[in-house]
Structure formats: structure tokens, C-alpha cells
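Before any comments, here is the structure.
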Amino acid sequence: MTIRDSAQLSLIRIVDATFAYNRRPVLKDINLTVDRHDFVGVVGPSGSGKTSLLRLLLGTARPQQGSVTREPGTDVAYVPQLETVNWNFPVTVEECVLMSRTGRRLPWPSRAERTDVADVLARLGIGDLGRRHIRELSGGQQQRMFIARALLRRPQLLLLDEPTSGIDVGTRHDMLHLLGELNGQGLAIWLTTHDLNGVAAHLPQLVALHQTVIASGSPGAVICPDVLERTFGAPVEVLEHLGMPVVLDRYDEQGRAIA
Amino acid sequence: MIETLLDPFAYAFFVKGVIVATLAGGLCGLIGVYITLRGMSYIGHGLSHAIFGGFAASSIINLNYYLGAGIWGIASALAINRVTRTRRIGADAAIGVITTASFALGIALLTIFGNKGPSFDAALFGSIIGVSEADVWALVGITGFTAVVIFLNYRQLLVATFDPEVADVSGVPVARTDALLMLVLSLSILATLTVIGVTLVAATLVIPAVVARMLTNRFSRMLWLSTAIGATSGLVGMNLSYHLDVPSGTTIVLTGAVVFLVVLQVTGSKGLRRAAQLDSHPEPAPAAAFKRLPAPK
């Protein structure tokens, strides 16, 4: 994530990128590098450009100015927000995971593909759910299914859009633990999140985004009142609890949030 | 009883009609799965009306129906696809403008110049009479082409229908896949229009797919179930058309509707739940897990 000369380590480099959607600028002067062992959270309010940044990294959007350069051979996989998925779509977990293999012309999976799907589902702890319809899973299992689909591509970089949105606290912990394990196995991970206390504070590196990069670095460097006020446009207080930053809304004496 | 049922098979025109209706029902059932899951049911309705404009124009200038209406229909489908992709106006508005204008133009042309091809009623509601050998072969060809397209692009069509963004990331040419689907949809409507009719084609696209969805949670199973239900509705509907002396499109659609009611009775609320919001992107059940805490006092 750092802006440093580490050509062998970097997977994607964004240099002076500006991106507009329907002529409305969404991202300006973005300079970021995705490294091979990154575990990075992108924080920012709605409309700050988090999803557009993911699209630049995915290659589904191109900057109007600047450049996004991907190391040859880099495969990037994507896990969508659970809220954007059509849960009534008639697919089982196995069918959904197999969607990341689009190269084969024959509709049915090969023996090797069946084995790969079973292996990745077992690796993520949902090996016995392959024949279930996707709606029959819990929020955490649904998230694991999409991570399994992404991993089936054997990517170097995994991008997740708000992976902890809409799931409960216990599942969120499991998710962060799982992502930490995958990162430890060599997978670079970038995710977006609104959740400063529950997610961002637990990640090793953060990027605060509001159309441009406000700050980047360790949680201690990013989760501080000045950076968060510039990022979210509202004053906050940051306390320390067991060595971790905790963000609180700032209230006046009548208990009203200070805007 | 059986003799009465088999009687019409002595007539060549009826045999041709049955073959065409069965193939047309199966073809619409197959395409209908993608159309309903993509929330494009209205496109089927619109395209059939658009093709009517081509039907009228080709009838007047004595151009082959498949050529004239085919070019017209494909052009309309691609125009809808293009207008929708610009996202300046919604898909429903784009379909509404392009296809109803084409339908109105068709009526105006037929009113001014008179009809030289199949009858107006036959075009609107479908007809068992006048199915030529060329119609049968055209439908066989289009059904075969569609089956091959879907077989060879099964995986790409599935992921582009379920999750276009992930499809794009996975290297699926989403725009080309969408255009291919519009092409086979236009051809299917073109080939089935004379038997099922402009006003009823949309139902043959939607009903088998909805019934199949009520019966299964697997995509591959939904595809063949919908095809089988569509083909059966075509076969039974065409026989009913002969015996009741009612336009074939009407009886085919009513047969499908009866199948829907029977399956609804059998599957109950489970089936309804599956078929509800076929193309929607609702929030998942666990979304309610978070509750906003009240401000401290």
C-alpha cells in the first residue's frame, strides 16, 4: 500500500489517477500501490469513492487521467456486497462457486473442477453446504461462499466491498479472522468498510478516502480526529482502549451530535 | 375419445402446427429463463410489438417475412440494448418508446397500404393455419441455433445474468454476451410470432420460466424444466386450439396458466416464495442484525 520503490512487491500501481462518473469527479489525484502481502482497509463515507477505487483496481473502470498499471499475470478476484446480490436467483452454493470458472465451454463441471470446488468449500468451513440454495445460508456462510468463489480463481489480490456490512458481531470477528489467515497464506487483501471500530481498527493498514487519499498508514496514523474529520466531515473523538483506537461521535452538552 | 384426439393428425397443416407449437413453446421456455431472471420480461413483450412493424413493412414491399421482420427486430433489440446501456433513460422507458412506436408504425402501414401477407388477427393472436414448410424449417433452424448458443455460452450467460460485475472481472465479455442473448431472443420471437401471436409471445417467455422456478432451486434444472413445460404447453395448446376452434396463441398461453395454477397448488407458499422477485436484489436476511444505538444523554 505504501508509495515506495518496491517493483518486485507491487501488484498494481495507481499514479495520479482521476476518475469521474457522468462527468462528476469521484476520485482525484490518487497515488497508491497495492503490494503482494497487503491487508488494507479503505475507509470513507458513502460517496467518497471507495467502490470506484475498487473498480480501478479491478480494471472494470479506467481513469480519465493518470494510470493504473497491473503487474503482468496478476489475477484479481472480487467479493461483492451481500446487499447487492439477488438471493432468489436459482443457484446452489456449488453452482455459484463454479461461476468463477468461465473458460470451459461445456456446461457441466469437469472432475477436476468438482474436486477444486469441494476443496475450496472445505477450506472455508462450508464443505457440507454445497448443495444448498444460496438463500439458505447465514450471512457469514454467504460471505464465505463468495470468498470461495473468488479463491477458486487462485488470485494474488482479493478485493472485498463492505464485507462486514449486514452481518452480526460474531460473524464479523470470524470474517476478519478468516481474512487474516488468507493474508497470512500470501493473499493480498483490500477491503472497503464504514466500520471504523469493528473492522478498520483491527487491520494492519488503512487508507482514508474522500475523493482523494486523505491519509494512509497504520490505524494509529489514520484513526485520529484530524484525519477522520477531514474524511467524514464531522468531528469525532478518538479514545484508546487496550491499545486500540476507538472512535466516538462528538456530542454537545444536550446529547446532540455535533455536525 | 382417443380417435377424436388423433383425428386432426390426419391433416398435414395440423401436424406442421403441432411441431411448430411444440418447438416454439420449448424455445420460448428456454430463452424465458434468462429473460425473467434478468428482469427483461417487458423486453419480450416489447420486441414482439417491434417485430410487428417489420412484419407490416415486409408484407407491403413483398420482402421475405423472416428477412424484413428479422432485421427490424434485431435492430430494435440492439437499439434497446444501446439506449439502456447509456443509462440516461431507464430500460422500461427505452422499450416503451422504441417498440410501441414500431408497433404503431406497423398498424399505420397496414391501414394505408393494406395487408398482403398473413392476416392481421393471425399476427396478433397466432394461427394454426398457414404454417408453411418454410416456417417449420425456419423454426427448427432457429431452435437449433439457440440451443447451440446457450450450450456453448452456458457458463458465461449464467454469470453475466447473476452478477455482471463479477462476470466482467472474470473476463466474460458482458456486452457481447448481452447482445448475443438479444439476438437469440429476437430470432425466437420472430420464429414463433405466427403461431403464438404478437400479443401473447411475452406470456410464453414468462410462464414456463416462473413455473420452473417454483419447482427447483438449481439453475441447470430450471433450464430444462422450463423448456419441457413450454414445449408441453405448445403441444397441448395447439391440440386445444383445433378442438375448441380458438386461436392457438390463446390456448397455448392458457395451458401454461393452468400448469402454473396446478404447480402453485402443489408447491404452495414455497413455490411462490421462489418465484417472487425473480430478478430483484433484496437485502439478505441477516441485514437486520445491526441496530443503531440511541445517542447518549
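The values are calculated or read from the model by the stated rules, or taken from the named source; none is laboratory data. Just so we're clear, the structure is a prediction, and the values are computed from it rather than from any experiment. As a convention, Cβ positions derive from the backbone with ideal geometry for all residues, glycine included, and neighbour counts pool all protein chains shown.
So, in segment A:45-104, how many residues would count as being of a type in the set (D, E, K, R) and modelled with pLDDT under 85? So that I can check it myself, show each step before the final result.
Taking segment A:45-104 as the starting set, the residues that turn out to be of a type in the set (D, E, K, R) are A:50, A:55, A:62, A:70-71, A:75, A:83, A:94-95, A:101, A:104.
This time we only want the ones that are modelled with pLDDT under 85, so: A:83, A:104.
Within segment A:45-104, residues that are of a type in the set (D, E, K, R) and modelled with pLDDT under 85 number 2.
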Subject >> Residues that are within 10 Å of another protein chain (Cβ to nearest Cβ) and crowded, with 21+ Cβ neighbours inside 10 Å, drawn from segment A:144-163 >> reply: A:PHE146, A:ARG149, A:ALA150, A:LEU159, A:ASP161
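Out of everything in segment B:61-76 that is among the polar types (S, T, N, Q) and not in a helix (DSSP H, G or I), what residue ends up being farthest from B:ILE43 (Cα to Cα)?
Just the residues of segment B:61-76 that are among the polar types (S, T, N, Q), to begin with: B:62, B:64, B:76.
Then keep just the ones that are not in a helix (DSSP H, G or I); that gives B:62, B:64.
Values: B:ASN62: 28, B:ASN64: 24 Å.
Filtering segment B:61-76 for residues that are among the polar types (S, T, N, Q) and not in a helix (DSSP H, G or I), the one farthest from B:ILE43 (Cα to Cα) comes out as B:ASN62.
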Subject >> Residue that is part of a helix (DSSP H, G or I) and not basic (Lys, Arg), where the choices are B:VAL210, B:VAL198 >> reply: B:VAL210
Subject >> Qualifying residues in segment B:143-160 (those that are more than 8 Å from chain A (Cβ to nearest Cβ) and either touching a Cys at 6+ places or on another chain (Cβ under 6 Å) or touching a residue at least 60 places away in the same chain (Cβ under 8 Å) (or both)) - the one surrounded by the fewest Cβ atoms within 10 Å (Cβ to Cβ) >> reply: B:ALA147
Original post:
Somewhere in segment B:238-253, is a residue away from every other protein chain (no Cβ under 11 Å), in a helix (DSSP H, G or I), under 18 Å from B:SER41 (Cα atoms) and modelled with pLDDT of 90 or more?
Top reply: no
Original post:
Any residue in segment B:36-52 that is closer than 14 Å to B:ALA202 by Cβ, within 14 Å of chain A (Cβ to nearest Cβ) and part of a helix (DSSP H, G or I)?
Top reply: yes
Subject >> Filter result for the condition that a residue is touching a residue at least 24 places away in the same chain (Cβ under 8 Å), part of a helix (DSSP H, G or I) and surrounded by 20 or more Cβ atoms within 10 Å (Cβ to Cβ), over B:LEU205, B:LEU272 >> reply: B:LEU205
**OP:** Could you look through segment A:23-39, keep only residues that are surrounded by 22 or more Cβ atoms within 10 Å (Cβ to Cβ) and among the β-branched types (Val, Ile, Thr), and pick out the one that is farthest from A:PRO204 (Cα to Cα)?
**Re:** A:ILE30
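Just checking, does segment B:188-200 include any residue being surrounded by fewer than 23 Cβ atoms within 10 Å (Cβ to Cβ) and either within 14 Å of chain A (Cβ to nearest Cβ) or in contact (Cβ under 8 Å) with a residue 12 or more places away in the chain (or both)? Talk me through it step by step, then tell me what you get.
Step one: list which residues in segment B:188-200 are surrounded by fewer than 23 Cβ atoms within 10 Å (Cβ to Cβ), which gives B:199.
With the extra rule that they be either within 14 Å of chain A (Cβ to nearest Cβ) or in contact (Cβ under 8 Å) with a residue 12 or more places away in the chain (or both), the set shrinks to B:199.
Checked segment B:188-200: at least one residue is surrounded by fewer than 23 Cβ atoms within 10 Å (Cβ to Cβ) and either within 14 Å of chain A (Cβ to nearest Cβ) or in contact (Cβ under 8 Å) with a residue 12 or more places away in the chain (or both).
Can you say whether A:GLY170 is modelled with pLDDT under 90 and assigned to a loop (DSSP other than H, G, I, E, B), as far as the supplied structure shows? So that I can check it myself, show each step before the final result.
Numbers: modelled with pLDDT under 90: yes; assigned to a loop (DSSP other than H, G, I, E, B): no.
So A:GLY170 does not fit the description; no.
Of the residues B:VAL140, B:VAL136, which is at pLDDT 80 or above, surrounded by fewer than 16 Cβ atoms within 10 Å (Cβ to Cβ), assigned to a helix (DSSP H, G or I) and among the aliphatic types (A, V, I, L, M)? Full working, then the answer.
Numbers: B:VAL136 fails: surrounded by fewer than 16 Cβ atoms within 10 Å (Cβ to Cβ).
Matching residue, one of B:VAL140, B:VAL136: B:VAL140.
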Subject >> Hits in segment A:173-215 (condition: part of a loop (DSSP other than H, G, I, E, B) and either farther than 30 Å from A:THR18 by Cα or not hydrophobic (A, V, I, L, M, F, W, C) (or both)) >> reply: A:GLN185, A:GLY186, A:HIS194, A:ASP195, A:ASN197, A:GLY198, A:PRO204, A:GLN211
Original post:
Residues in segment A:45-58: is at least one surrounded by 22 or more Cβ atoms within 10 Å (Cβ to Cβ), touching a Gly at 6+ places or on another chain (Cβ under 9 Å) and within 7 Å of another protein chain (Cβ to nearest Cβ)?
Top reply: no
Subject >> Filter result (within 7 Å of chain B (Cβ to nearest Cβ), in a helix (DSSP H, G or I) and within 21 Å of the chain's Cα centre (by Cα)) within segment A:65-109 >> reply: A:LEU82, A:GLU83, A:THR84
Subject >> All positions within segment A:127-147 that are modelled with pLDDT of 90 or more and in a loop (DSSP other than H, G, I, E, B) >> reply: A:GLY130, A:ARG131, A:ARG132, A:LEU137
